[in-house]
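K.L.:
Below: one structure in structure tokens.
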């Protein structure tokens with residue numbers, strides 16, 4: 001069974017599977033493992049201290065793989081300029097740059113004249129249309145099931161993906177609630193030409209920066225064990241539920257302002273949980289797909305499993321057509 005789509009052709013990969021940006025977690029080891037398995041691995045740029053560290057991480061990925069990879073730019077309100085980081089990606093001629101959160105226009109302007117492929121994460125049809133107008137090569141579309149930052153409209157992947165497919169001419173990559181070969185093939189059935197996964201890749205052996213507590217929490221949790229935080233300040237995001245997120249929700253109810261929340265939703269609070277396993281004083285992003293996570297395989301083992309599932313589904317589809 002061939003897995004050739006416009007995404008595999010655009011990115012030069014074997015399987016149309018993209019690893020999400022994963023703040024504070026998407027570094028060389030994971031990115032290279034995903035790329036070596038036939039997908040597109042990514043480094044998270046804005047979680048690194050500065051341009052020198054990004055350059056080192058890019059070099060490290062290239063030591064670990066000769067396959068295409070991407071650099072993700074989370075361009076929300078971090079209080080940091082990303083232009084000097086993007087300069088490094090351009091100087092290093094990385095194959096792909098992806099953008100999540102915020103207005104991607106400045107990145108498009110800075111990338112003008114380069115051969116770097118441009119992917120934009122969106123959570124609404126209108127955002128996808130805008131990304132296409134700006135010159136995106138493809139859009140990654142995240143439904144309400146996803147982990148991390150989501151759209152303000154509570155639209156699930158099953159409804160959102162076909163809407164965007166019908167609205168744009170560039171390839172669509174489905175994200176949100178996908179963690180195995182069944183979700184992958186369902187995305188294709190909806191018209192997508194690839195998938196992006198974030199949460200599922202955290203629970204892999206090559207996601208070396210994630211604490212064992214974080215990975216075990218993903219295994220033990222069901223789809224009902226996530227919550228949406230930051231909705232009160234217009235930036236909804238899905239996390240694993242714990243005592244810290246209970247505090248966040250209580251603050252949102254009493255004082256729904258960024259100033260009141262910033263200590264609780266900070267990168268420091270995120271790192272206390274994902275690095276140190278401190279569930280009492282931090283939080284970890286996760287989508288509802290946590291209900292489908294039951295182990296911590298290598299990335300290659302995960303890909304092998306997904307490809308087998310996808311092939312089996314493809315065979316059933318052929319049999320159905322034959323009947």
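The values are calculated or read from the model by the stated rules, or taken from the named source; none is laboratory data. This is a predicted model, so every value here is computed, not measured. Quick reminder, even Gly has a Cβ in these numbers, built from the backbone with ideal geometry, and neighbours come from all protein chains shown.
K.L.:
Run down 295, 304, 246, 278 and say which single residue is part of a loop (DSSP other than H, G, I, E, B) and at pLDDT 95 or above.
P.N.:
295
K.L.:
Here's a follow-up. Is it the case, given these coordinates, that residue 41 is within 20 Å of the chain's Cα centre (by Cα) and at pLDDT 95 or above? First the steps, then the outcome.
P.N.:
Details: within 20 Å of the chain's Cα centre (by Cα): yes; at pLDDT 95 or above: yes.
Here the answer is yes, as residue 41 does meet what is asked.
K.L.:
Is it fair to say residue 251 is closer than 29 Å to residue 193 by Cβ, modelled with pLDDT of 95 or more and surrounded by 15 or more Cβ atoms within 10 Å (Cβ to Cβ)?
P.N.:
Numbers: closer than 29 Å to residue 193 by Cβ: no; modelled with pLDDT of 95 or more: yes; surrounded by 15 or more Cβ atoms within 10 Å (Cβ to Cβ): yes.
Spelling it out, it is not the case that residue 251 is closer than 29 Å to residue 193 by Cβ, modelled with pLDDT of 95 or more and surrounded by 15 or more Cβ atoms within 10 Å (Cβ to Cβ).
K.L.:
So which of 74, 124, 128, 89 is closer than 25 Å to residue 170 by Cα and out of contact with any helix residue (DSSP H, G or I) (no Cβ under 9 Å at 6 or more places or on another chain)? Full working, then the answer.
P.N.:
Values: 124 fails: out of contact with any helix residue (DSSP H, G or I) (no Cβ under 9 Å at 6 or more places or on another chain); 128 fails: out of contact with any helix residue (DSSP H, G or I) (no Cβ under 9 Å at 6 or more places or on another chain); 89 fails: out of contact with any helix residue (DSSP H, G or I) (no Cβ under 9 Å at 6 or more places or on another chain).
None of the other options fit; the residue is 74.
K.L.:
Please identify the pairs in which a residue from the range 301-323 that is in the same structural domain as residue 188 (by TED's automatic domain parsing) has its Cβ atom under 9 Å from the Cβ atom of a residue that is assigned to a helix (DSSP H, G or I) and at pLDDT 95 or above, counting only partners at least 6 apart or on another chain.
P.N.:
none
K.L.:
A follow-up question, please. Please work out if residue 268 is free of Cβ contacts under 8 Å to residues at least 60 places away in the same chain and either loosely packed, with under 14 Cβ neighbours inside 10 Å or more than 24 Å from residue 179 (Cα to Cα) (or both). So that I can check it myself, show each step before the final result.
P.N.:
Values: free of Cβ contacts under 8 Å to residues at least 60 places away in the same chain: yes; either loosely packed, with under 14 Cβ neighbours inside 10 Å or more than 24 Å from residue 179 (Cα to Cα) (or both): yes.
Judged against the criteria, residue 268 is a match.
K.L.:
If you don't mind, there's one more thing I want to ask. Have a look at 64, 119, 86 and point out the one that is touching a strand residue (DSSP E or B) at 6+ places or on another chain (Cβ under 7 Å) and farther than 28 Å from residue 258 by Cβ.
P.N.:
Working: 64 fails: touching a strand residue (DSSP E or B) at 6+ places or on another chain (Cβ under 7 Å); 86 fails: farther than 28 Å from residue 258 by Cβ.
Step by step, each of 64, 119, 86 is checked, and only 119 is touching a strand residue (DSSP E or B) at 6+ places or on another chain (Cβ under 7 Å) and farther than 28 Å from residue 258 by Cβ.
K.L.:
Those residues that are touching a helix residue (DSSP H, G or I) at 6+ places or on another chain (Cβ under 9 Å) and touching a residue at least 12 places away in the same chain (Cβ under 8 Å), I need them from the range 271-283; list them, please. So that I can check it myself, show each step before the final result.
P.N.:
To start, the set of residues in the range 271-283 that are touching a helix residue (DSSP H, G or I) at 6+ places or on another chain (Cβ under 9 Å) comprises 272-283.
Selection gives 273, 274, 275, 276, 277, 279, 280, 281, 282, 283.
K.L.:
Hey, among the residues in the range 301-323 that are under 19 Å from residue 215 (Cα atoms) and under 18 Å from the mean Cα position of the chain (by Cα), which one's surrounded by the fewest Cβ atoms within 10 Å (Cβ to Cβ)?
P.N.:
Once the filter is applied, the top-ranked residue is 303.
K.L.:
Still on this structure, I have one more. I'd like the full set of residues that are surrounded by fewer than 18 Cβ atoms within 10 Å (Cβ to Cβ) and in a loop (DSSP other than H, G, I, E, B), limited to the range 224-240.
P.N.:
Matches in the range 224-240: 224, 225, 234, 235.
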